[in-house]
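Peer 1: Pasting a structure below so you can have a look.
All of the numbers you see were taken from the coordinates with simple rules; none came from a lab. Keep in mind that what you see is a predicted model, and the values were worked out from it rather than measured. Positions of Cβ are backbone-derived with ideal geometry, glycine not excepted, and every protein chain shown enters the neighbour counts.
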Amino acid sequence: MARRIAVDAMGGDDAPDVVVAGAIQALRESDEEIEVLLFGPEEKVQTALDEQDPSATRAGAIHVVHAPDVIDMAEAPASAVKRKPDSSIHYGLQAQKRREADAFISAGNTGAVMAASIFVLGRVPGVERPSIAGYFPTLEGFSTVLDIGTNVDCKPGHLLQFARMGTVYAQQVHGNAEPSVGLLNIGEEPGKGNEQVKAAYEQLRDADDIHFQGNVEGQDLLFYAADIIICDGFVGNILLKFGETMTTVLSEMTQQEMDRQGLSAGERKLVAGVLGEVRKGFDPEGRGGAPLLGVNGNVLIGHGRSSPDAIAGMIRFAVDVASHDVVGTMEASFASHEGES
């Protein structure tokens, strides 16, 4: 049975052309049966599709679904969601709510996607603050970071919920039976940190469904301190943005040093090849989008500058996520700890 993925065709800096190209690429590269529903102004999306692959819609694997409104990247999320109920974001999420799609992806306005997801899909019962999970590269793979900017001001109980959502996600999607959880802090000792973090430490320590490893310092992150790193969105977003700059800064620093040392063209090519591989870990392009955890559906959010490769990766990852019962498992987990946070 084919997985149906709803795609915000108007999401991203270069939509719909890049999004359409990514959808076509995903279908060509995937070994699984996929149907893609492209939501956006029909004429504009269909034109982009016909220019790139006139046979795509006739083959039945891509369907253009008319959604007249578009929420721009720079619009205020809350007001845009209210003013534009006929947007490509709304219609794509509604398709998932009606079970006409197994997942929804967008590289559009992150705040609008989150707000519309809560409005259309609702929260998993027991979840107070849905959270976008990010990935941070380390010497031993990726650590999942929650929250990366969705919730700037958090109570200790919210951090506990992030850990619970991250644990379920890692178990279901990553196949990690007992993912370790670390709390980002200014010291390893239990008494370190501000009042929020100290209270969260106690709640995480006492939770029977979380494999809590204790506090994690910033200096430990790149050495793979834990499978899941917990922090509020203020800290998490700073961490995320710092990591994203590595792709640019490492290249510029390396170029400056190669100029200083007067490296030959062959030496420069060798260094650039090694650096390129290192940079991949910090590049959001290759990670298949960030999951929005805690809403009653499968939602993945991509970077506004997503390329066709990134969009194709998001679609493939959405198929993978949809094959696991993340929402049902998360609902059961929260139900068994009702009132705890």
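Peer 1: Between Glu202 and Ala177, what's the calculated FRET efficiency when r is the beta-carbon distance and R0 is 35 Å? Round to 0.05.
Peer 2: 0.90
Peer 1: If I model a spin label at Phe223 and Met73 as a point 7 Å from the Cα along the Cα→Cβ vector, what separation in nanometres do I get?
Peer 2: Here the modelled spin labels are 3.8 nm apart.
Peer 1: Once fully extended, how much extra length lies between Phe242 and Arg98, figured as 0.36 nm per residue of separation less the alpha-carbon to alpha-carbon distance? Please report the intermediate quantities before stating the final value.
Peer 2: Working: separation 144, 0.36 × 144 = 51.84 nm, distance 3.87 nm.
Contour length minus Cα-Cα distance gives 48.0 nm.
Peer 1: Moving on to the next point. Just want to confirm a number: the relative contact order over the range 1-123, from Cα pairs under 8 angstrom separated by 6+ residues, in percent.
Peer 2: Numbers: 224 pairs, mean separation 40.0, N = 123.
Across the range 1-123, relative contact order equals 33 percent.
Peer 1: For the chain, what is the percent of antiparallel DSSP beta bridges, rounded to the nearest 5? Numbers along the way, then the final one.
Peer 2: On the way: 10 of 39 bridges.
Approximately 25 percent, going by the DSSP bridge assignments.
Peer 1: Which of Leu93, Leu146, Leu275 has the fewest other C-beta atoms within 10 Å, and how do the rest follow up to the most? Intermediate results must be reported in sequence, preceding the final value.
Peer 2: Values: Leu93 27, Leu146 30, Leu275 17.
Lowest count first: Leu275, Leu93, Leu146.
Peer 1: Here are a few candidate values for Cα Rg over 2.2 N^0.38 Å: [x] 0.94; [y] 1.10; [z] 1.03. Which one was actually calculated from the structure I just gave you?
Peer 2: [z]
Peer 1: Pull up all non-local amide H partners of Asn215: gap of 5 or more, or a different chain, and H-to-H distance under 5 Å with H placed in the peptide plane.
Peer 2: Here Leu183 satisfy the definition.
Peer 1: Using 1/(1 + (r/R0)^6) with R0 = 35 angstrom and r between the beta carbons of His66 and Arg123, what's the FRET efficiency to the nearest 0.05? Present the calculation step by step, with values, prior to reporting the outcome.
Peer 2: On the way: r = 29 Å, r/R0 = 0.82.
Once the sixth-power term is evaluated, E becomes 0.75.
Peer 1: I would also like to ask the following. Write down, largest first, the equivalent ellipsoid semi-axes of the range 130-285 in whole Å, where each equals the square root of 5 times an eigenvalue of the alpha-carbon gyration tensor.
Peer 2: Details: eigenvalues 237, 51, 34 Å².
The equivalent ellipsoid of the range 130-285 has semi-axes of 34, 16, 13 Å.
Peer 1: Can I ask one more? For Ala335 and Glu252, FRET efficiency with R0 = 41 Å and r from the beta-carbon atoms, rounded to 0.05? Display every interim value, and only then the final one.
Peer 2: Working: r = 50 Å, r/R0 = 1.22.
Once rounded, the FRET efficiency stands at 0.25.
Peer 1: Taking θ = phi - 60°, what integer Hz values does the Karplus form 6.51 cos²θ - 1.76 cosθ + 1.60 yield along the range 167-175, in sequence order, with x for Gly and Pro?
Peer 2: After applying 6.51 cos²θ - 1.76 cosθ + 1.60, I find 5, 4, 4, 5, 5, 7, 8, 8, x Hz.
Peer 1: Rounded, prolate or oblate: which fits the range 20-149, taking a ≥ b ≥ c as square roots of the Cα gyration tensor eigenvalues, rounded meaning a/c under 1.5, else prolate when a/b beats b/c?
Peer 2: Details: a/c = 1.86, a/b = 1.25, b/c = 1.49.
It comes out oblate by the Cα gyration axes.
Peer 1: Hey, rough spin-label estimate for Ala2 and Asp31, points 7 angstrom out along Cα→Cβ, what's it come to in nanometres?
Peer 2: If labels sit at Ala2 and Asp31, their model points lie 2.0 nm apart.
Peer 1: Still on this structure, please answer the following. Once the convex hull of the alpha carbons of the range 213-341 is built, what does its volume come to per residue, in cubic angstrom? Let's see the in-between values first.
Peer 2: Working: hull volume 20.5 nm³, N = 129.
Given the Cα convex hull of the range 213-341, per-residue volume reads 159 Å³.
Peer 1: Taking only Cα atoms and a 10 Å spring cutoff, compute GNM fluctuations for the chain and point out the largest among Pro308, Pro190, Pro77.
Peer 2: Fluctuation is largest for Pro190.
Peer 1: For Ser131, Ser55, Ser180, what's the fewest-to-most ordering of other Cβ within 10 Å of each Cβ? Could the numbers behind the result be given before it?
Peer 2: Working: Ser131 30, Ser55 10, Ser180 20.
Going from least to most buried by this count: Ser55, Ser180, Ser131.
Peer 1: Taking the Cα centroid of the range 110-152 and of the range 178-257, what is the distance between the two, rounded to the nearest whole Å?
Peer 2: Comparing the Cα centres of the range 110-152 and the range 178-257, I get a distance of 15 Å.
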